[in-house]
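A short worksheet on the structure shown next.
The values are calculated or read from the model by the stated rules, or taken from the named source; none is laboratory data. Everything numeric in this text was worked out from a predicted model, so none of it was measured. So basically every Cβ, Gly included, is an ideal-geometry build from the backbone, and we count neighbours across all protein chains shown.
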């Protein structure tokens, strides 16, 4: 029983209450917002690359450097900024990505963009 308790505490400690970019604290167990829930997820950057191709590449280009008149350069963008943009898209963004992407897909593409 002690082993199970220690394992449970270890799992809780895995998400230490801060965003991956060292930002403000979040509640990793049912955050106050969907954004907080997304920022607490562990991104899969391989899947993030696939999500990028399917959802973002058409406006931001194959290398995420942006396409004139369509999408800006989003290479190296902090995960929290990417999530905020998806959750509250700027004028001109044609899709409501937050309505068609899962939390994990958003976390994955945000993690992927940080690596560029």
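Overview of results
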{"quantity": "Subset of the stretch 70-89 (residues that are closer than 18 Å to residue 49 by Cβ and either in a loop (DSSP other than H, G, I, E, B) or more than 11 Å from the chain's Cα centre (by Cα) (or both))", "calculated": "71, 73, 74, 75, 76, 77, 78"}
{"quantity": "Top-ranked residue in the stretch 90-115 [being assigned to a loop (DSSP other than H, G, I, E, B) and more than 14 Å from the chain's Cα centre (by Cα); ranked as surrounded by the fewest Cβ atoms within 10 Å (Cβ to Cβ)]", "calculated": "91"}
{"quantity": "Check on residue 40, within 20 Å of residue 100 (Cα to Cα) and either at pLDDT below 95 or in contact with a strand residue (DSSP E or B) (Cβ under 6 Å, 6 or more places away or on another chain) (or both)", "calculated": "no"}
